[in-house]
Amino acid sequence: MTARMAALRANPWALRVLVMVLAIAFISALGARFGTPDANAGQRYNVPHDSKMESGIGVRFTQAAVVGDGGLVELTYTVLDTQKASKFQSDVKHPPVIYSEKNRSKPTYRTALMRQGHTLRAGQTYFILYQNNGGLVKKGDTIQIDAGGGRLVGVPVR
């Protein structure tokens, strides 16, 4: 047994202080690793739904987010009906158009579709990337999505 171990056994308070210091260090390390909670952490993220649009195109839009250092808008959707969703996704000449609800005059329409031409699976999530023309869409804004003859308004942007 080393001298340090003998000193800890002789003084039980030293052992308790050591355990307390290690516990505080561990909690501090966890806090530094995972950081402070996001300002939106307690808020729910709700995307409005339009059953007519969803039944027409076979997908449900689930999220809009500004990504790529603000230069892209990612629109995610979940497949509800594989046949309709395949038709929706393969129509590259008429992709969904998004508008910032603050500035409706300029649409964001330049897109890159994920998995174009592949077999889609019901319940699977896919995405469309849009070029964020001039930074029209910003985090915290709401957007309007025009797709398949339908319109979805009030979609919050992350």
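The values are calculated or read from the model by the stated rules, or taken from the named source; none is laboratory data. Bear in mind the structure is a predicted one, so any value in this text is a computation, not a measurement. Every residue, glycine as well, gets a Cβ built from its backbone with ideal geometry; the counts of neighbours run over all protein chains shown.
A quick yes/no check of all residues on (1) modelled with pLDDT of 85 or more; (2) in a loop (DSSP other than H, G, I, E, B); (3) over 23 Å from Pro156 (Cβ atoms):
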| site | (1), (2), (3) |
| --- | --- |
| Leu75 | yes, no, no |
| Gln83 | yes, no, yes |
| Val92 | no, yes, yes |
| Tyr99 | yes, no, no |
| Asn103 | no, yes, no |
| Ala112 | no, no, no |
| Gln116 | no, yes, yes |
| Ala122 | yes, yes, yes |
| Ile128 | yes, no, no |
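Matching residues to (1) exposed (fewer than 15 other Cβ atoms within 10 Å of the Cβ); (2) among the small types (Gly, Ala, Ser):
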site	(1), (2)
Leu75	no, no
Lys93	yes, no
Pro96	no, no
Lys102	yes, no
Pro107	no, no
Gly140	yes, yes
Gly149	yes, yes
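If you check Val155 against the conditions, is it at pLDDT 90 or above and either of a type in the set (Asp, Glu) or closer than 19 Å to Asp50 by Cα (or both)? Here the answer is yes, as Val155 does meet what is asked. Selection within the stretch 48-73: residues that are among the charged types (D, E, K, R) and closer than 13 Å to Leu152 by Cα. The member of this set that is surrounded by the most Cβ atoms within 10 Å (Cβ to Cβ) is Glu54.
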